Amino acid sequence: NAGVMQNPRHLVRRRGQEARLRCSPMKGHSHVYWYRQLPEEGLKFMVYLQKENIIDESGMPKERFSAEFPKEGPSILRIQQVVRGDSAAYFCASSSRDRGTNYGYTFGSGTRLTVV
Amino acid sequence: AQTVTQSQPEMSVQEAETVTLSCTYDTSESDYYLFWYKQPPSRQMILVIRQEAYKQQNATENRFSVNFQKAAKSFSLKISDSQLGDAAMYFCAYRRLSGNTGKLIFGQGTTLQVKP
């Protein structure tokens, strides 16, 4: 049973380009969370999605960032017109029910985005 | 708003010795979960141990145990018989039980060095 798969593992974008980060949750998981980790900091919650629904986007920047989790396919975190400050590691986590499980949830290995 | 604070940016321990990592949190909730996650250089977030706030008994997982002081809002991690493979960044995290979101709130992290 494969874990949470994130790709790409590393992504380099020039300022002004778009970045698309993908997350395939564990088999049977229908809840996805995205977190951002800036250098030397802890993870910060961005958004919580269920299939075709955004449940909590209180951590998402108001502009340029969007997320989706379609009925079929992976969850996508999209950053438009990237700036240097978007450089960070972006983690996805999944769980089989809402609010995670008693054991927290399973994290992917993250995508490190570098904006040059 | 809930916050999590790890006041030790770096700690070191001699192999086979015991080390304690500190974590305090602030919340007005009475029911919640607390977690310790390990992040090795591979970036993978690994759940080390969890604690339900309603349980008075401190959680233990092999060489890892916690000292949960609910009144003091303190949640420290003790690693016994430290091994070289324990070297990593450790994050304390909080999750409220109520509401429809399972987002985790992380501390800033503690880098643990294990000396042979």
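Every number here is computed from the coordinates shown, using simple stated rules; none is lab data. Just so you know, these numbers come straight off a predicted model, no measurement behind them. Because the Cβ atoms are built from the backbone with ideal geometry, glycine has one as well, and the counts that use them run over all protein chains shown.
Things to note:
- Between B:ALA71 and B:ALA16, the modelled label-to-label distance comes to 3.9 nm, taking each label 7 Å out from Cα in the direction of the beta carbon.
- Cα-derived Rg over Rh, computed across the stretch A:22-97 with Rh taken as Kirkwood radius: 0.96
- Taken along the Cα-to-beta-carbon direction at a fixed 7 Å, the label points for A:MET5 and A:ARG20 span 1.6 nm.
- Filtered trypsin sites (Lys or Arg not before Pro), the stretch A:19-57: DSSP coil and at most 12 other beta carbons within 10 Å: A:LYS27
- Summarised in one figure, the compactness ratio Rg/Rh of chain B, Cα atoms and Kirkwood Rh, is 0.96.
- Label sites at B:GLN83 and A:ARG64, each approximated as a point 7 angstrom past Cα along Cα to Cβ, lie 4.3 nm apart.
- Spatially close Lys pairs in the protein assembly as shown, defined by Cα atoms under 20 Å apart and a spacing of eight or more places or different chains, total 17.
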